[in-house]
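Written below as structure tokens is the structure these notes are about.
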């Protein structure tokens, strides 16, 4: 916090007739914490019991959203100059003056900059990132809060820009800041609209779309919704998060240890028997199964829920 020791000078141009003014009968009372709206700090903002002198202008207020600390020496000088009955109780007495204002958020600033960059060929669905990620503007209470963007410089090759942002726009007293940043292209990716648990099958109704920066999309992130539909999460997936190919799998049709039907088809011949799955898998996967009667283990392809087809090489296992 910036300490003002005589830094706020008595505002020039505010003529006050003091020569013959008598001191007030009552003792003035200092306000230790003051919030003001206007440009000018008045005697009545700092002191109670100053009578008709309350509207006397003594200094300029801090900038909107800022504060100033007025120390005992400065306050005593103001009291003497304006002939009010006040003395600091000690050398550490002070008054903190804060100027209220309307804050223009970081997001609002980015939105206006992106709009201004449209003239440079930047698409409306791009995203920008400011080097100063905490940049805000504060305008006086009651002032026009519209932002102006000017002095735009954009490097198409490196996607970098610098601009001047001001608020209130076109105001002689506008606050201006110079900002730099980068432009990022975006793309849409399919995401889940609600949590989906492991084992639940993802449907078209479970999917929505999020626009994200292209540089945040890993190679394994799914960008085609059809690659999610009919699959199930390996672990619970949160809504809105990008989904990778490693996050989902085909629904398990056979669980490890499950009782399965082993089928061999060859022309018009069909043989079947019962077995137990040594491995789990989805439709189309090749797993090992053990004949419950012979204890012979063969490989088979999963055709459906607890249904495994075996080749002629596994005929012996079915026959026993």
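The values are calculated or read from the model by the stated rules, or taken from the named source; none is laboratory data. Since this is a predicted model, take the numbers as computed values, not measurements. Heads up, the Cβs are rebuilt from the backbone with ideal geometry, glycines too, and the neighbour counts pull from every protein chain shown.
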Failed item, numbered, when residue 172 is tested on (1) part of a loop (DSSP other than H, G, I, E, B); (2) closer than 30 Å to residue 248 by Cα: (2)
Lone qualifier among 259, 237, 252 - being farther than 30 Å from residue 216 by Cα and either in contact (Cβ under 8 Å) with a residue 60 or more places away in the chain or surrounded by 15 or more Cβ atoms within 10 Å (Cβ to Cβ) (or both): 252
Would you check if residue 212 is surrounded by 12 or more Cβ atoms within 10 Å (Cβ to Cβ) and not assigned by TED's automatic domain parsing to the domain that holds residue 308? yes
Quick one: in the stretch 220-234, which of the residues that are part of a loop (DSSP other than H, G, I, E, B) and out of contact with any helix residue (DSSP H, G or I) (no Cβ under 7 Å at 6 or more places or on another chain) is nearest to residue 207 (Cα to Cα)? 228
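Yes/no per residue for (1) under 22 Å from the mean Cα position of the chain (by Cα); (2) surrounded by 17 or more Cβ atoms within 10 Å (Cβ to Cβ); (3) in contact (Cβ under 8 Å) with a residue 40 or more places away in the chain; (4) assigned to a helix (DSSP H, G or I):
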residue	(1), (2), (3), (4)
70	no, yes, yes, no
76	no, no, no, yes
96	no, no, yes, no
113	yes, yes, yes, yes
157	no, no, no, no
179	yes, yes, yes, no
Does residue 197 count as farther than 22 Å from residue 240 by Cβ, in contact with a strand residue (DSSP E or B) (Cβ under 8 Å, 6 or more places away or on another chain), outside the structural domain of residue 60 (by TED's automatic domain parsing) and in contact (Cβ under 8 Å) with a residue 12 or more places away in the chain? no
